[in-house]
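Student: Below you will find the structure I want to go over with you.
The values are calculated or read from the model by the stated rules, or taken from the named source; none is laboratory data. All figures in this text were calculated on a predicted structure; none of them were measured in a lab. Ideal geometry is used to build each Cβ from the backbone, glycine not excepted, and the neighbour counts take in all protein chains shown. Ligands, DNA and RNA are stripped out before the accessible areas are found, and what is left, the full protein with its side chains, is counted by its heavy atoms. Shrake-Rupley method; radii C 1.70, N 1.55, O 1.52, S 1.80 Å.
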Amino acid sequence: MGLASRALCGAAGAAWRESFPLGGRDVARWFPGHMAKGLKKMQSSLKLVDCIIEVHDARIPLSGRNPLFQETLGLKPHMLVLNKMDLADLKEQQKIIRHLEGEGLKNVVFTNCVRDENIKQIIPMVRGLVESSYRYHRGEVCERPLMFLLDTPGVLAPRIESVEMGLKLALCGTVLDHLVGVETLADYLLYTLNRHQLFGYVQHYGLDGACDDIASVLKRVAVRLGKTQKVKVLTGTGDVNVIQPNYSAAAQDFLRTFRSGLLGPVMLDRDVLQRPPLADP
């Protein structure tokens, strides 16, 4: 057995952090002001549409979805497109679908826009939903074009439910990194990967083994990538130049590597899947 294999086997049986420290973070400031304007504009636009297509990240199929869409479920046809399925661990796909059905969402499509997977299912589904809706069925249907698409900017809910949900959204790039802090995000990513026993980062960065201490991991990543910096340190004999790891640059690379799928597929909502779904509105 090679050194890398032994390191991973040992990591699989290791005890990782049972929880992530969530206190003391101001989640409210993670919601940019322009999103509030976008949300109001979206609400006025809903009067013009016959069907709502909600696009969400397949890695967080349950977390962070805008409650505005839940409120409209009983009023207009609605479908959920879970994109980036290539980056998501979908071993429990049926459980995800059942959970969403429990919340009243029966039209769900998993897609990968980059490879055009399942994209062609969307228009026929939308057309069927509109034509079968007695409230919004049109007496004359215009074939040129078959339908209009009214795009809206992506918006979060005005209030992020919890700090952990905010961290999941940020890992998927929905919340800007600098609002949370790249090193905090890298730490939450490390915590998540270890808890899910996803040790692809060990092989990707050529580390000696899995580790649950973010400072140690970022130090090794920085040194391996050559992301170091000279820092002057004042001593009793004068200034001394010391080579220090660039932790911020290493954290950014760690996040970028995860988001590009190089660390393998992940399901960030495994914890939410263990809970019962919200009642059907």
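Student: Which net charge results for the neighbourhood of Ala222, defined as the other residues with beta-carbon distances under 13 angstrom from its beta-carbon, given Lys and Arg at +1 and Asp and Glu at -1?
Tutor: Numbers: positive: Lys219, Arg220, Arg224, Lys227; negative: Glu183, Asp253.
Once positives and negatives cancel, what remains is +2.
Student: Taking a probe of 1.4 angstrom, what is the accessible area of Val141 in Å², to the nearest 10?
Tutor: For Val141, the solvent-accessible surface is approximately 80 Å².
Student: Quickly rank 233-245, 264-276 as a protection proxy: mean count of other C-beta atoms within 10 Å, highest first. Walk me through the numbers on the way to the answer.
Tutor: Values: 233-245: 9.5, 264-276: 16.5.
Highest to lowest by the protection proxy: 264-276, 233-245.
Student: Near the amide H of Thr228, under 5 Å away, which other amide H atoms are found, from residues 5 or more places off or on another chain, if H is placed in the peptide plane?
Tutor: The list, which skips near neighbours in sequence, is Asn246.
Student: May I ask you to list the lysines whose Cα is less than 19 Å away from that of Lys40, ignoring any residue fewer than eight positions away on the same chain?
Tutor: Correct list for Lys40: Lys76.
Student: Taking H placed 1.01 Å from N in the peptide plane, check which residues at least 5 places from Ala88 or on another chain put their amide H under 5 Å from its amide H.
Tutor: Result for Ala88 returns Val266.
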